[in-house]
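Single-structure report; data block below.
The values are calculated or read from the model by the stated rules, or taken from the named source; none is laboratory data. These figures come from a predicted structure and were not determined experimentally. Ideal geometry is used to build each Cβ from the backbone, glycine not excepted, and the neighbour counts take in all protein chains shown.
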Amino acid sequence: MNVPVNTQGSLTRITGLILAGGMARRMGPGADKAFLSLAGRPLLAHVLERLSPQVTPIVISGNGNLDRFAAFGLPVLADLRSGFQGPLAGVEAAFAATGADWILSVAVDLPFLPTRLVERMCEPLQQMSVPEPVVAVSAGQHHYVVALWPRSVVGQLAMALANGHYSLRDWFQSHSYRQVVFLFADHEPDPFFNINRPADLSVAEALYQKQAH
């Protein structure tokens, strides 16, 4: 689903954005989250498996040596700004590089993304008179990295970054947005379970094996 209908009834272009430019400090020295192995495959492959049937095109936000993503065959975008300025900079770069009306951002450490993520995230568009971002929520927690961003926020993103404000949470807490709540059964993993530490990777491995069986 890459052309949902907006409030005016016209077609809307969405680009999927996988944020893979973080420094992964909590995973230990030299860790690269995109290539951490889960069930024998890199995390990036798991995220692509979930996301690619739902939206086209998809781009990757990366930093450092971008050639390491070549095997995935997708455009890789470096931030427009020097240094590691976080997800906001990745979203800014995606709008600059694409003609998307909306960017759907997800993090590379979310291997259990919902199979109806794009469809559900687009639901609030029908009720909008003015485009606003949409944020995913599960188990009472806002997952600001999983968001649907309208092009109209580009100026606000640039202003925040120029003023040294890099926090996703802080950005959303000072701007209007919609939210979509995702429910999951007791026997299912939280669809937005994220891998920040080595222990989280072990938990994800157990959850993956449980689902496989």
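The numbered conditions (1) surrounded by fewer than 16 Cβ atoms within 10 Å (Cβ to Cβ); (2) in contact (Cβ under 8 Å) with a residue 12 or more places away in the chain are all true for Met121 except (1).
Would you call Gly155 touching a Ser or Thr at 6+ places or on another chain (Cβ under 6 Å) and modelled with pLDDT of 95 or more?
No, not satisfied.
Cβ separations smaller than 8 Å between residues 6+ apart or across chains give the following pairs from the range 201-213 residues that are under 12 Å from Phe112 (Cβ atoms) to residues that are β-branched (Val, Ile, Thr) and at pLDDT 90 or above: Ala204/Ile195. Residues that are under 12 Å from the mean Cα position of the chain (by Cα), surrounded by 15 or more Cβ atoms within 10 Å (Cβ to Cβ) and β-branched (Val, Ile, Thr) are absent from the range 65-76. The residue that is farthest from Thr15 (Cα to Cα), counting only those in the range 127-165 that are β-branched (Val, Ile, Thr) and in a strand (DSSP E or B), is Val137.
Could we say that Ser138 is surrounded by 13 or more Cβ atoms within 10 Å (Cβ to Cβ) and modelled with pLDDT of 95 or more here? So Ser138 passes the test. Within the range 80-98, being outside any helix (DSSP H, G or I) and touching a residue at least 40 places away in the same chain (Cβ under 8 Å) holds for Arg81, Phe84, Gln85, Gly86, Thr98. Selection of the range 64-79 for residues being out of contact with any Phe, Trp or Tyr (no Cβ under 6 Å at 6 or more places or on another chain) and under 19 Å from Val145 (Cα atoms) yields Leu77, Ala78, Asp79.
Among what's in the range 33-56 and is among the hydrophobic types (A, V, I, L, M, F, W, C) and assigned to a helix (DSSP H, G or I), pick the residue that is surrounded by the fewest Cβ atoms within 10 Å (Cβ to Cβ).
Phe35
Looking at the range 173-187, I want the residues that are over 17 Å from Leu113 (Cβ atoms) and at pLDDT 95 or above and have a partner that is of a type in the set (Asp, Glu) and not in a strand (DSSP E or B) with Cβ atoms under 9 Å, at least 6 apart or on another chain. Which pairs are those? Short answer, once both residue conditions are applied: His175/Glu132; Ser176/Glu132; Tyr177/Glu132; Arg178/Glu123; Arg178/Glu132.
Selection of the range 188-200 for residues being over 16 Å from the mean Cα position of the chain (by Cα) and either of a type in the set (Val, Ile, Thr) or closer than 18 Å to Leu113 by Cα (or both) yields Glu188, Pro189, Asp200. Residues that are assigned to a helix (DSSP H, G or I) and surrounded by 13 or more Cβ atoms within 10 Å (Cβ to Cβ) do occur in the range 172-182.
If we keep just the residues of the range 145-165 that are touching a strand residue (DSSP E or B) at 6+ places or on another chain (Cβ under 6 Å) and not small (Gly, Ala, Ser), which is surrounded by the most Cβ atoms within 10 Å (Cβ to Cβ)? My answer is Trp149.
Would a scan of the range 99-108 turn up a residue that is in a strand (DSSP E or B) and among the hydroxyl-bearing types (Ser, Thr, Tyr)?
Among the residues of the range 99-108, at least one is in a strand (DSSP E or B) and among the hydroxyl-bearing types (Ser, Thr, Tyr), which makes the answer yes.
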